[in-house]
Amino acid sequence: MAIHGSLIQQFNIINMRHCINCCIQLLPNDLHRQCFRCRRHNHNNQKCPVCKGESKIPFYVDSKQMNLLAVLEVRTDHHESWNGLFCLKKGKLCSLIFGLIIMTLVMASYILTGAKHGMLLIPSPFHYGAFTNNPNLMDNESVSDVKDHYQPWKINISYIKDYPSIKLIIETITSKIEFITRQRPDLEDLKKQEPHMFSVIPNKFLPKSKNPCWYEEYRGNITANPYTTNSYALYSKRFRTIFDYLRKVFWNHLYQYKDKHYRLRCLPHFYIIGQPKCGTTDLYDRLRLHPDVRFSAIKEPHWWTRKRFGIIRLRDGFHDRYPVEDYLDLFDLAAHQIQGVLQSDSTKEHARMNKIIIGEASASTMWDNNAWIFFYDNSTDGEPPFLIQDFIHAFQPNAKLIVMLRDPVERLYSDYLYFASANKSAEDFHEKVAESLQLFENCMLDYSLRACVYNNTLNNAMPVRLQVGLYVVYLLDWLTVFDKDQILVLRLEDHASNVKYTMHMVFQFLDLGPLSEKQEALITKSPASNTRRPEDRSLGPMLPTTKAILRDFYRPFNTKLAQVLFDDAFLWKKT
C-alpha cells in the first residue's frame, strides 16, 4: 500500500526509538502535554498508562480503533531518545487516506474501461499486453527503436503456452470469423476528408501518355529551390542527394506557354502494394531493370499509409502531414523522361505514345490503415469509414496493383527475425505468438474481424504482426473498389522456383513491350534481393509446435483466399 511506504519513510527520517502509542492516541491535540512524555529515556510500554503493557499499537480514526501494525512496522530501541517530535493531526491523516483511496479507484476505473474500449494511451497489462511492434512500425524500422519509446508491460501467459490451451483460443477465433462485404464510401465523402488532395490531382490525364500525367502551372519563384520545403528531404539526409540533383535539372524541364511556366506531374501507373517479407524488394529490383519502367525516387515512400498522416517513425510521434505535392515530387525524375518523349514529336501530326510507366513499391499499402482512428470520424462498430484504396481509386480508377504473398506462417517468422533486435530464438517467437493469439481472441470476442484487423491498439500491442498474414481480409476490401483483373496476385514460392515465369506474368499484366534476350537474362538471372541474414539463418526454423499452432490459425483465411482466387496453391499445404 502507498500509505505503508510513506509512513515508514517518515518514521525513519525522524529516527523514532521509543513507544509511539501515546503520541498516536493523543493525535487530536498536537500540543498535549502527555505527548512530550514519549521523549523520556525511561519510557516503555509496560509503564505507559495508554499502552498498558500491550504490544499492539492502536490507531484511532473517527473514534474507531485500528491496528496500525497492519500498515506500519516500527523498530523500537530504548537506548536512544527521540530526535524530534512526531505528531500529526487526525484530520490530515484521514484526508491523506481518503485521497489515496479515491486515486486508486479512479486509476482502476481508467484501466479497466479504457482497455475494454481501446482508449488507453499506453497498453493495459490486463488486456492488450506490450508495445513491442507497431503501426505503424515502419517496415525499415527496428523494434528496438520502438522499445526506446514504449516501456513494455508484461503479462503472465504461461497458462496459454501449451498447445491444447492455444487450440481453444484458435477455435474461439475461428468461430467468430465472418467475411462481410464492406460498404464503399461515396466520392463526396472522400472529398470532404481530403479536400486539398482533390484540388491538386485532376480527374483527367494526358491522352498521349500510358502513365497518368498532367501539366500543372508552376507559381513559385524561378530562382528559388522548388524542393526546399519537401518533407522527405527535410526529415531524411539520405534523400537530400536525390533532391539536390532534381533541383539542378528542374528549370530545364519547365514548359513555357503564354508567359506561364508549367511542370509535368505524374502519379504511378501501378503499385506493388504488399506484403512485407514476401519478396516485394526482389520484384522491385528486377522490374526496375525493364527499359519502360521507372519507379519513385524512394523505393517505399509509405505516403498513402503513413506520411500523409504525419507518421515518420512511431517513436517520434506525429509530425506535420506530408502534402500530396511532396509525394508527387518523388516522381519528377520519371516525369522528366516522359516529358522528353511527349515533346520530342510534339510538332508532328501524330505524336508518339509515351510507353514509359511509373511504379511505386510501398509494402504497407495493402494492409496498413492504422492511422484512420486519429483522423477520420470513428464509426460505431469500430471499423474504419475510409481505407487507402478508396482514395487511390478515386484518383486512379484504372490503376494496376501487384501483390506478392507467401505462406503466412513462414512470413511471420521471417518478419520476427528481421525486426526483432535482441534475444531472438524459436522459443521467444513461440511465446510472442501465444501472447498475440490471446490478444487477437480478446478483440474478436467484442468486435468484428475487420475492426480487429484495422485496430490500431491491438496491432501495436501484439508482439508479432499476426494481422499482416490475413491476406484475404485485405484483398476482399481492395476488391470492393477495384476489379479483379486490375490486381495480380503472385506467390513468393512460385517466384523463387521460376523467376522467369513470374516476371513474364508481370510484364504481361503491365502490358510491357518485348525484351531482347540480353535484357531478359539481366532481369531474370540476377541474384535474389533481401534474403535472410546469416545470423538469422543460424537460429534455425521455428518450433514444430509453433508451426502447428500458426497453421491452425491461418487455415480458414487461406481457405477463403484460395476460393477467391480459384487457386488451391494459396492453401500452402506443401510448405
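Just so you know, all these numbers are worked out from the coordinates, no wet-lab data involved. All values reported here derive from a predicted model rather than from experimental measurement. Neighbour counts run over all protein chains shown; Cβ positions are idealised from the backbone, glycine included.
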Revision key, fill the gap. Residue 191 and residue 254 label points (each 7 Å along its Cα→Cβ direction) are spaced in nm at 3.2 nm
**Study point:** Given charges at beta-carbon only (K, R positive; D, E negative), |dipole| of region 473-575 in Debye
**Key:** 500 debye
Check your understanding: Which one of 466, 452, 479 has its Cα pushed farthest toward the positive end of the charge dipole of region 435-530, where Lys and Arg give +1 and Asp and Glu give -1 at the Cβ?
Key -> 466
Review point. Expressed as a rounded percentage, what relative contact order does region 337-463 have, with Cα pairs under 8 Å and six or more residues apart?
Key: 25 percent
Review point. Working out 0.36 nm times the residue gap between residue 545 and residue 529, then minus their Cα-Cα distance, what length gain in nm do you get to one decimal?
Key: 2.7 nm
Review point. Label 7 Å along Cα→Cβ of residue 537; region 416-435 residues with amide nitrogen under 16 Å?
Key: 417-418
Review point. Given the pairs 299/355; 237/525; 176/432; 424/500; 237/518, which are separated by over 26 angstrom at their Cα positions?
Key: 237/525; 424/500; 237/518
Check your understanding: Once fully extended, how much extra length lies between residue 162 and residue 200, figured as 0.36 nm per residue of separation less the alpha-carbon to alpha-carbon distance?
Key -> 8.1 nm
Revision key, fill the gap. Taking the square root of 5λ for each eigenvalue of the C-alpha gyration tensor of region 367-429, the equivalent ellipsoid has semi-axes, largest first and in whole angstrom, of 32, 19, 10
Review point. Say each of residue 240 and residue 225 gets a label point 7 Å from the Cα, pointing the same way as Cα to Cβ; how far apart are those two points in nm?
Key: 0.8 nm
Revision key, fill the gap. Counting Lys and Arg as +1 and Asp and Glu as -1 over every other residue whose Cβ sits under 15 Å from the Cβ of residue 218, the net charge comes to 0
**Study point:** Burial order of peptide ranges 507-516, 280-289, 399-408 (average beta-carbon count within 10 Å, highest first)
**Key:** 399-408, 280-289, 507-516
Check your understanding: Can you give the net charge of the other residues whose Cβ lies under 12 Å from the Cβ of residue 168, counting K and R as +1 and D and E as -1?
Key -> -3
Point to revise | Prolate/oblate/rounded call for region 400-492, Cα gyration tensor, a/c under 1.5 rounded | key: oblate
Revision key, fill the gap. Applying the gyration tensor rule to the Cα atoms of region 463-548 (axes a ≥ b ≥ c; rounded if a/c under 1.5, else prolate if a/b exceeds b/c, else oblate), the class is oblate
Point to revise | Peptides 298-309, 166-177 ordered by average Cβ neighbours within 10 Å, highest first | key: 298-309, 166-177
